[in-house]
1. Please give the number of the condition ALA262 fails out of (1) modelled with pLDDT of 90 or more; (2) farther than 17 Å from ALA196 by Cβ; (3) in contact with a Ser or Thr (Cβ under 6 Å, 6 or more places away or on another chain).
2. Output the residues belonging to segment 98-125 that are within 26 Å of CYS239 (Cα to Cα) and of a type in the set (Asp, Glu).
3. Could you run through segment 70-124 and say how many residues are touching a Gly at 6+ places or on another chain (Cβ under 8 Å), among the small types (Gly, Ala, Ser) and surrounded by fewer than 22 Cβ atoms within 10 Å (Cβ to Cβ)?
4. If only one of ALA142, ALA99, ALA127 is more than 16 Å from LEU173 (Cα to Cα) and part of a helix (DSSP H, G or I), which one is it?
5. What are the residues in segment 222-257 that are open to solvent by less than 40 Å² (accessible area, probe 1.4 Å) and over 25 Å from GLU138 (Cβ atoms), if any?
6. Quick test of your reading of the structure: PHE137 fulfils all but one of (1) in contact (Cβ under 8 Å) with a residue 12 or more places away in the chain; (2) more than 19 Å from the chain's Cα centre (by Cα). Name the failing condition by number.
7. Which members of segment 163-210 meet the condition of being over 21 Å from ASP126 (Cα atoms), over 16 Å from the mean Cα position of the chain (by Cα) and open to solvent by less than 50 Å² (accessible area, probe 1.4 Å)?
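The values are calculated or read from the model by the stated rules, or taken from the named source; none is laboratory data. The structure presented is a predicted model; accordingly, all values stated were derived computationally and were not measured. Here the Cβ is made from the backbone with ideal geometry for all residues, glycine too, and neighbour counts use every protein chain on show. Areas reflect the complete protein model, heavy atoms only, side chains present, ligands, DNA and RNA absent. Shrake-Rupley method; radii C 1.70, N 1.55, O 1.52, S 1.80 Å.
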Amino acid sequence: MHILRTVLLVIALGASLFLGWRFYETVKSTRGVDGATTAEGNLQPTPDKLAAARRDVEKTLKQSPEFAGYFASLDKNYPSDYMRILAGFIGRAAKSGRAETPDYYITEAMRALRQSRGILATKASDAALQRIFEQQFEMVSAMEAADPRICAEFLHGGASDGFFEFLRTHRALMGSLARAGLDAMLDGQQQKIERATPGEADFTTLDGALQANGLDRPQIETLLDAKVQDPPLSDTSLCRAGRVYLETLSALPEDIKMRIYALALTLQSRT
């Protein structure tokens with residue numbers, strides 16, 4: 001049965017935001033931005049440094065109007081999560097002496113909220129779930145058009161400098177994706193819809209639909225079984241497969257589609 005393997009790609013679409021953040025941390029460390037620790041760096045920041053860091057972080061959060069609605073909604077609806085996330089940003093900025101980019105803050109906030117509240121999204125209405133995956137489709141499509149290499153990395157759950165440069169130039173798209181996830185959590189908190197786990201028949205239907213939409217067996221095996229091809233799929237081929245995968249999911253019968261969506265979000269919330 002392919003139940004868990006079949007949703008690997010969808011999981012990657014959510015997990016990549018965290019993995020990209022981790023990659024971002026690694027890149028900065030290897031470049032020496034944060035790598036050298038000193039005795040002073042190990043000390044707790046002074047109140048003055050924390051106050052200055054707070055001003056810098058809050059100023060940075062306001063720099064991107066595309067993300068403002070997300071942070072405002074997060075503060076209004078989940079104030080404890082917002083304060084916890086903001087405190088992490090401030091502490092980091094106080095130690096490093098500078099704020100990060102708005103793109104770092106949105107990806108980190110999404111990751112942190114998904115871990116604490118993500119399971120709520122699985123209980124949202126059909127429309128709210130659909131919106132999440134529509135936005136993921138838009139993200140993959142835009143990456144495919146911009147650079148298939150970045151798109152392939154995203155689908156694999158990784159990221160490079162190019163990923164964050166892409167986000168910098170596509171903040172409206174990222175903001176919409178972030179809001180879709182948060183809105184689904186809020187909706188699920190009210191709706192409390194319980195959905196059955198998808199079965200083998202659901203994934204057989206998906207397999208057939210992928211074939212009908214033009215994916216070949218190597219592409220389908222990569223998506224459904226996480227099989228490493230020899231030779232590997234090209235970035236262009238993998239990126240197209242990811243886009244078609246999400247497009248195909250969207251066109252499945254409503255009950256099958258929602259069961260797969262809910263399972264994917266359940267697993268995302270545990271990453």
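1. Exception for ALA262: condition (2).
2. Result: ASP103, GLU108.
3. 1
4. Within the list ALA142, ALA99, ALA127, the selection yields ALA127.
5. GLN229
6. With (1) in contact (Cβ under 8 Å) with a residue 12 or more places away in the chain; (2) more than 19 Å from the chain's Cα centre (by Cα) applied to PHE137, the lone miss is (2).
7. Across segment 163-210, the qualifying residues are ASP207, GLY208, LEU210.
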